[in-house]
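Shown next, in structure tokens, is the structure this report addresses.
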Amino acid sequence: MFLGYSLILVAASFWGLSAVVAKVLFRGNYSVDPLLISQARVTFGWLILLVWLLVRDRSRLRISLRDFWRFVPHGVIGFAGANFLLYYAVEGMTVAIADLIQCSAPVLVALWMWLRGFEPMDRPKTIALVLAIAGCALALGAFEQTGSLPPIRVASAVISLLCYAFLIVW
């Protein structure tokens, strides 16, 4: 159980650090493209998973051709879309606002599951979803934003939200 909690802590730390590092690279004289950062992030995660599976259970690296076609949209839309579009948004707006928009994906997932009849939407769940979004907004300092947000960056963050919701549901 300790290993599971430790891995969650490490993953959350890397997730939070990655957007901050990306913002530093965007603001500095590095002229790093969001595509390069998102590719590096996905490749790094893939290499860690590959090493883990090679050490723990190589049989999980084999997939059938039928399953392969389920992995393609998952990787292209879910991983690549969510990552690239988030970093594109972060390049032109604050990390807090971009992350808040993308991290609203569980709300869409809950609504999707309710609309599809897989989950009931009762009062406690509705209150929990509203409080989760409000808590994210407060924690990320979203209400401290001043000035206007570039519409193309907001659109990118919203599409990233949709890609992330797809990643969760698919």
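The values are calculated or read from the model by the stated rules, or taken from the named source; none is laboratory data. Computed from a predicted model, the values in this text were never measured in an experiment. Glycine also receives a Cβ, built like all others from the backbone with ideal geometry; neighbour counts cover every protein chain displayed. Keep in mind that these areas ignore ligands, DNA and RNA; they rest on the heavy atoms of the full protein, side chains included. Shrake-Rupley method; radii C 1.70, N 1.55, O 1.52, S 1.80 Å.
Rounded, prolate or oblate for the stretch 89-138? Axes are the square roots of the Cα gyration tensor eigenvalues, ordered a ≥ b ≥ c, and the cut-off for rounded is a/c under 1.5. Intermediate values should be presented prior to the final figure.
Details: a/c = 6.07, a/b = 1.95, b/c = 3.11.
Judged from the Cα gyration tensor, the stretch 89-138 comes out oblate (a/c at least 1.5, b/c at or above a/b).
Determine the dipole magnitude for the stretch 14-88: charges of +1 sit on the beta-carbon of Lys and Arg, -1 on that of Asp and Glu, nothing else is charged, the reference point is the Cα centre, and the result goes in debye to the nearest 20.
Working: 9 positive and 3 negative charges, 44 e Å.
Rounded to the nearest 20 debye, it is 200 debye.
Pairs of Cα atoms under 8 Å, at least six residues apart: use those to get the relative contact order of the chain, whole percent.
Working: 129 pairs, mean separation 55.0, N = 170.
Dividing the mean separation by the residue count of the chain yields 32 percent.
Applying 0.36 nm per residue to the separation of A40 and E144 and subtracting their alpha-carbon distance, the gain on full extension is 34.4 nm.
With a 1.4 Å probe and all protein chains left in place, how much of the accessible area of the chain comes from carbon and sulfur atoms, in whole percent? The partial results should precede the final answer.
On the way: 8310 of 11580 Å².
The nonpolar share, carbon plus sulfur, comes to 72 percent.
I need the calculated FRET efficiency for the pair D57 and F118, taking r as the beta carbon distance and R₀ as 30 Å, to the nearest 0.05.
Working: r = 30 Å, r/R0 = 1.00.
Using R0 = 30 Å, I get an efficiency of 0.50.
Peptides 40-47, 112-119, 18-25 ranked from most to least packed give 18-25, 40-47, 112-119, packing being the mean of other C-beta atoms within 10 angstrom over each peptide's residues. According to the square roots a ≥ b ≥ c of the eigenvalues of the Cα gyration tensor, what is the shape class of the chain, taking rounded for a/c under 1.5, prolate for a/b larger than b/c otherwise, and oblate for the remainder? Oblate shape, in that a/c is at least 1.5 and b/c is the bigger or equal ratio.
Computed extension gain for M1 through D67, at 0.36 nm per residue and net of the alpha carbon distance, reaches 20.7 nm.
Listed peptides 154-160, 27-33 appear in the order 154-160, 27-33 once ranked by packing, highest mean of other Cβ atoms within 10 Å at the front.
Mean residue ellipticity, 222 nm, helices only, the chain: the sum of -39500 (n - 2.57) across DSSP H runs of n ≥ 4, divided by residue count and rounded to 500, is -24500 deg cm²/dmol.
In the chain, taking the dipole from charged Cβ atoms about the Cα centre, the farthest positive-side position among I77, P34, S148 is held by I77. Evaluating 6.51 cos²θ - 1.76 cosθ + 1.60 at θ = phi - 60° for every residue in the stretch 59-68, the Karplus couplings come out as 5, 6, 7, 8, 10, 7, 4, 4, 6, 4 Hz, glycine and proline recorded as x.
Taking every protein chain into account, the accessible area of the stretch 38-170 amounts to 65 square angstrom per residue (probe 1.4 Å). Between N29 and A128, what is the FRET efficiency for a Förster distance of 41 Å, r being their Cβ-Cβ separation, to the nearest 0.05? Calculated transfer efficiency: 0.40.
Could you give the dipole magnitude of the chain about its Cα centre, charging the beta-carbon of Lys and Arg +1 and that of Asp and Glu -1, in debye to the nearest 20?
Numbers: 13 positive and 8 negative charges, 95 e Å.
Approximately 460 debye in magnitude.
Each residue of the stretch 69-78 was assigned a 3J(HN,Hα) from its phi angle through the Karplus curve 6.51 cos²θ - 1.76 cosθ + 1.60 (θ = phi - 60°); the sequence is 6, 7, 6, 4, x, 4, x, 6, 7, x Hz, with glycine and proline shown as x.
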